[in-house]
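These notes concern the structure reproduced below.
The values are calculated or read from the model by the stated rules, or taken from the named source; none is laboratory data. Since the structure is predicted, the reported quantities are computational estimates derived from the model, not experimental observations. All Cβ positions, even for glycine, are placed from backbone atoms using ideal geometry, and neighbour counts span all protein chains on display. Accessible surface areas use protein heavy atoms only, side chains included; no ligands, DNA or RNA. Shrake-Rupley method; radii C 1.70, N 1.55, O 1.52, S 1.80 Å.
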Amino acid sequence: MRDKLLALIVGLLLSTAVFAVPPTPEEFLGFSVGADRKLASYTQVLSYLRQVAAASDRVSIDELGESTLGNEMVAVVLTSAANQLNLDRYREIASQLANADQLASEEAARLIEEGKAIALVTCTIHSTEVGSTQMAMEFVHDFATTVDSEKLAWMEEMIVLLMPSINPDGQVMVVDWYNEHLGTKFEGGQMPWLYHHYVGHDNNRDFYMLTQKESRVVNQVLYHRWFPQVFLDEHQMGSTGPRMFVPPQTDPLAPEIHSLIFRQADLIGTNMSYRLEESGRTGVGHNMIFDSYWPGGTRNTAWWKNVTGLLTEVASVRIATPIQIDSGELRGGSKGLPEYTRRANFPSPWPGGDWTLRDIVDYELIATWALVETVSENRSEFLRNFYRMADEATQAGVTDSPSAWIVSPDQHDPVAAGRMVELLLEHGIRIYTSDRPLQLGMTTYPAGTHIIPAAQPYRAFLLTMLRPQRYPEVVPYQGGPIYPPYDVTSWSLPIAFGVEVVETDRALPETLRQIDAPVWPQVALTEGSGGYLIPHSSDSAFTALNRLLRDGKEIYWLLTPPEEGQVGDIWLPFDALSSSEATALAEELHLPIRSLDSAPTGDRMRVRSSRVGLFKPWVASMDEGWTRWVLEQYDFPYINLNNQDLKEGSFRGAADVLLFPDVSSSIITKGEPDSPWAKQFWAPLPPEYSGGIAPEGEEEIKKWVEAGGTVVAIDSSANYFIELFGLPVSNVLDGLDESQFSAPGTMVRLLVDVDHPVGFGMRPEEVAYFADSAAFQTRVPDPRFGRQVIARYPDDDTDIPVSGYIEGAELLERRAAVVEYRVGEGRIVLIGFRPQHRAQTVRTFKLLFNALYLPGLEMVTSD
Ligand SMILES: [Zn+2]
């Protein structure tokens, strides 16, 4: 203690001697944090934080990289001046404790004594939830300048990593839009585009698939760079419920998560509630709404990796515009808070009244400091438990089943298998390979097999990500209904990627070699003169196809494949591609391309490029954004089409296929959402963005299809096109309530016609991601319509669920999932589910992609 005191005094002396006094946020901004209708821009926030860092020896900045649109991402590192001098050492200690399987317990005990607790705090992943980025300035100022002896003692014990925004692009957009509309009737209203360039609000659904730059930056901080033990993600929610939600979260609990995670969340969350109550803040609730089950969200994924992930949600205002709430407008209605009334998890209901941005900032400041208090006062426990959970996970991997997961290179799509392995490595999973054939029991796996041992610190993560999900049916009271899931109920990676993963209980040999990159399929191009063959089943075939089409290459899909090929395999004549071009593609895309000795004979289809026109409504659609992202990953040529483009018919000549993402009829026709959920957040957009495509746009689309155009419509959009063209088909799930049918994010078996071009490269039995999607009852069409069912659900409901929660599976029996209609000279492809859902459904990307080439396919019959 005396040493600490000494360090403190030295630290204080140093700070007064060397450093200038940091300005207050108000001095810097010219207004106070949380003032009505005032928001600091992300640039202002960053430069303020940099000024404080320059002026304070308790504050430094860790540069973490760039966001999607090139904004800087940083963590402000907050700890005592003495600790600031040893950050590398504390990171090293945290890293060693995280890797418990490589650390003896005596050494661990010594490191726990020496180490500092580390907590990551992230702000505004959801950019309209503006409070926490503003709060960050005040928190950092307070941290840098406080003379409070308790706070000074806390900062000796721990390091706070504060990320002022984990979606800075959206922060910039939202603040600009807000300022632009101040004083108009659109003040505080929504933007006509997504606040993350690709994925909008779904940026908090990406933390196991890690598709977006921002997710990968946070993932790096957590599992490769700092190894924090605690992770708080600060959000805002609707305006008319509790003022703030703090941990613990509610049922159901995921079965694989260590129970200490929940207990530590209780410990921190309870202190948050207590400190808020004590300071006179009412309306704080816990154990409600947000469950402890699904791993997609920022801090959720961390639960499976021994990190205590925490969520706070504060009631929103209209961005920075205050609101007034009448007591009669307050309501419950959620899991854990069916009515807005006093109860054990909500002891002091807020009575209603004025609610401002400053209130949000205050609640967040108190909660964040409460976290610092609890974590620092329990520093050694948090470090010890962090080590202990990792150690127990490793031990369980030795004693329990399985001992390992095996990913053989013999896969339907070996590229997808490599991508899955690459993702697991990014998650900090330890993976090995065998340079020789690997004998495990009766089975021999080829060289290049990936082996994922269960005996490692993130075993719980492997258990949830590599196995199918079964939703825990928790009831609030005996005989009561089960708690509905908060988000999706299935995320199993092998199923999503379409990769065979085998569990083994065998002991692993000592000869395995640890890898830091996947072992990709080996490609050895020979000197064949029969051209080049690319398996249609390989994930990267589409990127190659799009690049080759862009270069004007002659390309065919084979209807009579050569030996070891599949119907639809992609063939380029020998003179269409040089062997160096082929080798370059193979290397860059891990493309399993091979050369043939003789050119294939038989029927084939010439493929020409078709340009995609992707509908982008002003009621911003996350599915549109995800679709755009997926198209870009595979180098599809596309343009976005808005209402005006469709009304004016300006897509003629610019697009060969119209792609409608999952958007409701009401948004397409009127530019307004119709679901009750979406309506509560809805306010009219400025006139230049209001309205839909009807009726002029509808006329244009009809004429275009009749004359030969192709439309691909996904999920809800399919319903719209059924109606627009009077197609002889209906969605059997229309109008059903949740007690009759529910599949809120469920993997279901799909039977595919792999001889149809849309099914090329797929397996006859696939898996579709069903998220409150559509199922089609077709009718025998009259001569106006040609109809072909391309994919359907199985005949027997017991064959339908593959992973996740489903109620009413029998309603999907024999129903069509993908149908092609010929209308006039054109065609409409209805895809009842989202084959590109959140970019998490790699195995069904092919189905969507194939449909996009339809306009450019031309039959070539063999002579
Ligand atoms: Zn949020």
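Below is a table of values for the structure above.
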| item | result |
| --- | --- |
| Selection within the stretch 612-622 - open to solvent by 10 Å² or more (accessible area, probe 1.4 Å) and touching a strand residue (DSSP E or B) at 6+ places or on another chain (Cβ under 7 Å) | Lys616 |
| The stretch 791-815 - residue that is in contact with a Leu (Cβ under 8 Å, 6 or more places away or on another chain) and either open to solvent by 40 Å² or more (accessible area, probe 1.4 Å) or in a strand (DSSP E or B) (or both) and, of those, farthest from Glu765 (Cα to Cα) | Leu811 |
| Candidates Ser239, Ser279, Ser215 - the one that is at pLDDT 95 or above, within 16 Å of the ligand (Cβ to nearest atom) and out of contact with any strand residue (DSSP E or B) (no Cβ under 7 Å at 6 or more places or on another chain) | Ser215 |
| Which listed residue, of Leu69, Leu64, Leu103, Leu87, is open to solvent by 10 Å² or more (accessible area, probe 1.4 Å), over 25 Å from Glu26 (Cβ atoms), touching an Asp or Glu at 6+ places or on another chain (Cβ under 7 Å) and modelled with pLDDT of 95 or more | Leu69 |
| Residues located in the stretch 511-562, provided they are among the β-branched types (Val, Ile, Thr) and touching a strand residue (DSSP E or B) at 6+ places or on another chain (Cβ under 6 Å) | Ile515, Val519, Thr526, Ile534, Ile555 |
| Of the criteria (1) more than 26 Å from Val74 (Cβ to Cβ); (2) in a loop (DSSP other than H, G, I, E, B), which one Phe227 fails | (1) |
| Enumeration of residues in the stretch 641-656 that are surrounded by fewer than 23 Cβ atoms within 10 Å (Cβ to Cβ) and farther than 24 Å from Met191 by Cα | Gly649, Ser650, Phe651, Arg652, Gly653, Ala654, Asp656 |
| Any hit, the stretch 531-553, residues being farther than 16 Å from Gly856 by Cβ and surrounded by fewer than 17 Cβ atoms within 10 Å (Cβ to Cβ) | no |
| Residue within the stretch 716-727 that is under 26 Å from Pro764 (Cα atoms) and part of a loop (DSSP other than H, G, I, E, B) present | no |
| Which numbered condition Asn204 misses (of (1) of a type outside the set (Asp, Glu); (2) within 20 Å of the chain's Cα centre (by Cα); (3) in a helix (DSSP H, G or I); (4) away from the ligand (no atom under 16 Å from the Cβ)) | (4) |
| Whichever residue in the stretch 734-766 is within 20 Å of Gly568 (Cα to Cα) and among the β-branched types (Val, Ile, Thr) and, among such residues, is most open to solvent (accessible area, probe 1.4 Å) | Val754 |
| Some residue of the stretch 730-746 being within 30 Å of Gln566 (Cα to Cα), in contact with a Gly (Cβ under 6 Å, 6 or more places away or on another chain) and at pLDDT 95 or above | yes |
| Cβ-Cβ under 8 Å pairs, at least 6 apart or on other chains, the stretch 689-703 side at positive phi, far side surrounded by fewer than 17 Cβ atoms within 10 Å (Cβ to Cβ) | Gly691/Lys670 |
| Criterion (of a type in the set (Ser, Thr, Tyr), modelled with pLDDT of 95 or more and open to solvent by 20 Å² or more (accessible area, probe 1.4 Å)) met by exactly one of Tyr638, Tyr634 | Tyr638 |
| Residues of the stretch 510-528 that turn out to be surrounded by 13 or more Cβ atoms within 10 Å (Cβ to Cβ) and either among the β-branched types (Val, Ile, Thr) or modelled with pLDDT under 95 (or both), as a count | 6 |
| The one condition in (1) touching a His at 6+ places or on another chain (Cβ under 9 Å); (2) free of Cβ contacts under 8 Å to residues at least 60 places away in the same chain that Ala265 fails to fulfil | (1) |
| Within the stretch 230-256, tally of residues that are in contact with an Asp or Glu (Cβ under 8 Å, 6 or more places away or on another chain), open to solvent by 10 Å² or more (accessible area, probe 1.4 Å) and outside any strand (DSSP E or B) | 3 |
| Strands (runs of 3 or more DSSP E) completely within the stretch 399-482 that count 2 or more residues being surrounded by 19 or more Cβ atoms within 10 Å (Cβ to Cβ) | 404-407, 431-433, 438-440, 450-453 |
| Hits in the stretch 161-201 - residues which are within 16 Å of the ligand (Cβ to nearest atom) and of a type in the set (Ser, Thr, Tyr) | Ser165, Tyr195 |
| Criterion (in a loop (DSSP other than H, G, I, E, B), over 18 Å from Gly297 (Cα atoms) and either acidic (Asp, Glu) or at pLDDT 95 or above (or both)) met by exactly one of Met191, Met155, Met209 | Met191 |
| Residues within the stretch 94-130 that are in a helix (DSSP H, G or I) and within 16 Å of the ligand (Cβ to nearest atom), tallied | 0 |
| Boolean, Asp266 is farther than 24 Å from Ala683 by Cβ, open to solvent by 30 Å² or more (accessible area, probe 1.4 Å) and in a strand (DSSP E or B) | no |
| Subset of the stretch 298-347 [in a strand (DSSP E or B), within 16 Å of the ligand (Cβ to nearest atom) and touching a strand residue (DSSP E or B) at 6+ places or on another chain (Cβ under 7 Å)] | Gly309, Leu310, Leu311, Thr312, Glu313, Val314, Ala315 |
| Residue identified as among the acidic types (Asp, Glu), at positive phi and in contact with an Asp or Glu (Cβ under 6 Å, 6 or more places away or on another chain) among Asp662, Asp715 | Asp715 |
